[in-house]
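Okay, so here's the structure we're looking at.
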Amino acid sequence: MAKSKAAIGLSWEPKLPAFSSASKNRDGSGSKPRPEANPLWKPSTQLVDGLFVPPNDPVKRNKLAKKQIKDTAGTSWFDMPAPTMTPELQKDLQLLKLRNVMDPKRHYKKGDAQPNKYFQVGTVIESPLDFFSSRLTKKERKVSLAEEVLSDRNLGNYRKRKVREIEEKNRPGGNEKWKIKGKGSYQRAKQRRH
């Protein structure tokens, strides 16, 4: 019969992930990976009875505390977190930045070059009083701001007209510039030919 060692009190051993010896290192050798590469690994000098104890040095302790604090706008902004940037969110921010180009009758102040780090995107809930006056129908509602802008016909017509005007302005004249349109243009055409 195997004699087992009797344990007095509680014992605890940290559960660290097992390092596989089959995996290769970055240099391509088949040797065992270094435990320092694992973020959970702590050197034995920082472990007390197998547990991680924060350092006594206040500078090191403050650095550790700063790493663990969540990235928020602060308590005065109700700890608003910084959002993760997705491609859809980037498109919406680009549209907001270029909103003064979209509508010829609206003028906006010049915005910041860099968007704020902390912001939130929400949906507008309309009042039941605005049911007939200023409400988007189900067909007009889109998932993102970019889709909503692209589906607007008036804005599309304005955009096409402006693009056409810019192209006409930048297009080379062809033989139009040689046509005689009055006395002054005849002299200018004569100077260009010689």
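Filtered by the rule that a residue be open to solvent by less than 100 Å² (accessible area, probe 1.4 Å) and within 28 Å of Arg161 (Cβ to Cβ), the range 106-116 gives Tyr108, Gly111.
Within the range 66-95, residues that are over 14 Å from Val121 (Cβ atoms) have Cβ atoms under 9 Å from residues that are open to solvent by 60 Å² or more (accessible area, probe 1.4 Å) and acidic (Asp, Glu) in these pairs: Lys70/Asp79; Thr72/Asp79; Ala73/Asp79, counting only partners at least 6 apart in sequence or on another chain.
Close Cβ contacts (under 8 Å, 6 or more residues apart or on different chains) running from residues in the range 139-164 that are in contact (Cβ under 8 Å) with a residue 24 or more places away in the chain to residues that are among the β-branched types (Val, Ile, Thr) and in a helix (DSSP H, G or I) comprise Leu155/Val149.
Among residues that are open to solvent by less than 100 Å² (accessible area, probe 1.4 Å) and modelled with pLDDT under 85, Asp103 is included. Considered as a group, the residues in the range 87-118 that are among the hydrophobic types (A, V, I, L, M, F, W, C) and part of a helix (DSSP H, G or I) include one that is farthest from Leu155 (Cα to Cα), and that residue is Leu89. Only one of the numbered conditions (1) among the polar types (S, T, N, Q); (2) surrounded by 12 or more Cβ atoms within 10 Å (Cβ to Cβ); (3) out of contact with any Pro (no Cβ under 9 Å at 6 or more places or on another chain) is not met by Thr72, and that is (3).
When only residues in the range 152-194 that are among the β-branched types (Val, Ile, Thr) and at pLDDT 70 or above count, which is least open to solvent (accessible area, probe 1.4 Å)? Of everything passing the filter in the range 152-194, Val163 is least open to solvent (accessible area, probe 1.4 Å).
Evaluate the following for Pro58: is it out of contact with any Phe, Trp or Tyr (no Cβ under 9 Å at 6 or more places or on another chain) and modelled with pLDDT of 90 or more? Answer is no for this residue. Residue by residue through the range 117-143, note down the ones that are polar (S, T, N, Q), open to solvent by 100 Å² or more (accessible area, probe 1.4 Å) and either at pLDDT 85 or above or touching a Leu at 6+ places or on another chain (Cβ under 9 Å) (or both). Result: Gln120, single match.
The values are calculated or read from the model by the stated rules, or taken from the named source; none is laboratory data. Worth saying up front: this structure is predicted, and the values here are computed from it rather than measured. For neighbour counting, all protein chains shown are included, and Cβ atoms are generated from backbone atoms with ideal geometry for every residue, glycine included. Accessible surface areas use protein heavy atoms only, side chains included; no ligands, DNA or RNA. Shrake-Rupley method; radii C 1.70, N 1.55, O 1.52, S 1.80 Å.
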